[in-house]
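Notes to accompany the following structure.
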Amino acid sequence: MRVLLTGGAGYIGSHTALLLLQRGFDVIIYDSFLNSSSKVINSIEFYLNSKQINYKLKTIVGDIRNKDCLDKVFKDSINEANPIKSVIHFAGLKSVSQSVDNPLQYWDVNVCGTKNLLEVMSLNNCFSLVFSSSATVYGPSELVPIKENSSCRPENPYGNTKLTVETILNDLFLSKSNVWSISILRYFNPVSAHPSGLIGEDPRGIPDNLFPYITQVAIGRINTLNVYGDDWNTRDGSGIRDYIHIIDLAEGHIAALNYLKSNKFTYEIINLGSNNGYSVFEIINEFHRITGYKVNYKVVKRRSGDISISIADISKANKLLGWSPTRNLKDMCLDGLNWQIKNPNGYC
Ligand code: NAD
Ligand code: UD1
């Protein structure tokens, strides 16, 4: 089955692409490479060749805002008698702070880009979509673990764009019965890397997120981790999050694709997390205990836009998709560090 991965060269897309190719899916990666490196494609191919796996992978450099370019990808596939059956839509911008500084750019890529994609899919009779949403749409939540039907109050432009796309997808689904099959995945905190150390997270510049920051401090690329506040209303005063191993997350996408294949004409919103919450201090201490690498840190004031606690209720993913994560914090620390040691400067 041929699947199009917009943003398939990015952090989550590349791990999902590798797993899909290993499982025999025919994959097209469509990416502008705005926030990724073409070297990730070489790494995916290197891994598959090293395992003597036959695979079908095409990479197309393109922007989701370029309708003609997108349309050509679908038309070419039809002409090859191998039409795209489903799309996993990863492409987008994801920095909360950048979205505050430049909201129009976020609305343009995340919302207008998605509208383009949906129009091109309709034109080419492809109506199966898995969309990358985010736990950010919930905003601050009093009740954890968070269920999919909890209220959504995103607190930044990035979160607003994700919730808007969810609304567009719901409108689209309701507009024509028996046409669209849509799965919206709300990721909690994806971390770590493929155990081979060949692909992983490669943030540009100083990382925004905790995990890549910790692995970069561990190998000495950055001196000190700033812990954003020890005065949160949590068990040790630092923020609590639900971290999920990137391979478990990638598996969740395959489960969602398979679900759409056997359950047509659905619109489902599904949390993907681990249902475990760890505080920043717990992560620092566990990382040291598990890997032997000490993480220097200092406590600084809270980061604007942060929340105290976020943990997923993943019972829906378990029930609907038959999916639950199998990797624990030890795997996350070891695989993340392995990637960082083997690639101290990312894909450079
Ligand atoms: P990423 O930045 O690594 O990957 C996104 C990919 O999209 C990149 O390869 C980038 O080059 C590409 N891209 C950006 N704009 C594009 C455009 N206009 N046209 C074509 N390609 C474009 O991010 P990621 O962490 O892999 O995230 C993937 C998706 O998941 C994003 O939509 C993100 O908002 C969402 N998400 C990520 C996280 C996370 O923690 N990483 C959490 C929740 C949701
Ligand atoms: C952040 C984004 C969120 C996005 C998610 C995954 C913000 C406000 N939120 O969420 O929208 O979906 O990333 O991309 O940017 N921390 C430190 N020091 C650091 C980095 C983080 O103490 O250098 C703390 C944070 O305060 C938080 C925890 O570590 O308590 C996790 O932070 P992070 O990895 O950035 O994820 P989120 O805050 O959940």
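The values are calculated or read from the model by the stated rules, or taken from the named source; none is laboratory data. Remember, it's a predicted structure, so these values are computed and weren't measured experimentally. Positions of Cβ are generated from backbone atoms using ideal geometry, with glycine treated the same way; all protein chains shown enter the neighbour counts. Areas reflect the complete protein model, heavy atoms only, side chains present, ligands, DNA and RNA absent. Shrake-Rupley method; radii C 1.70, N 1.55, O 1.52, S 1.80 Å.
Summary table below
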read-out	value
Accessible area per residue in Å² at 1.4 Å probe, computed on the stretch 71-149	46
Linear extension gain, GLN98 paired with SER50, 0.36 nm per residue minus alpha-carbon span	13.4 nm
Whole-angstrom gap from the stretch 113-139 to the stretch 215-229, using each part's C-alpha centre	36
Per-residue ³J(HN,Hα) for the stretch 275-281, Karplus 6.51 cos²θ - 1.76 cosθ + 1.60, θ = phi - 60°, Hz, x for Gly and Pro	6, 10, x, 10, 7, 4, 5
Distant-in-sequence amide H partners of TYR267 (H built 1.01 Å from N, under 5 Å)	ILE182
Estimated distance in nm for a label pair at LYS115 and ASP71, the labels positioned 7 Å out from Cα along Cα-to-Cβ	1.7
Other-chain or far-sequence residues with amide H under 5 Å of ILE244's (modelled H)	ASN189, VAL191
Hits among aspartates and glutamates - C-alpha to C-alpha of LYS294 under 15 Å, sequence gap 8 or more where chains match	GLU282, GLU286
Antiparallel %, DSSP beta bridges [both residues in the chain], to 5	5
From phi via Karplus (6.51, -1.76, 1.60), per-residue ³J(HN,Hα) for the stretch 335-341 in Hz, x at Gly/Pro	5, x, 5, 4, 4, 5, 5
Gained length - THR167 relative to VAL300, 0.36 nm times residue gap less alpha-carbon distance	44.2 nm
Derived scalar couplings ³J(HN,Hα) [the stretch 206-216; Karplus, 6.51 cos²θ - 1.76 cosθ + 1.60; whole Hz; x for Gly, Pro]	6, x, 7, 9, 4, 5, x, 5, 5, 5, 6
Packing-based order for 41-50, 106-115, using average beta carbon neighbours within 10 Å, highest first	106-115, 41-50
Under 5 Å, built H, 5+ apart or other chain: amide partners of ILE60	ILE29, TYR30, ASP31
Pairs of lysines in the stretch 47-120 (C-alpha under 26 Å apart; 8 or more residues apart or interchain)	20
Cβ-defined net charge surrounding CYS333, 12 Å radius [Lys, Arg +1; Asp, Glu -1]	-1
Spatial separation of Cα centroids for the stretch 284-298 and the stretch 19-77, in angstrom	36
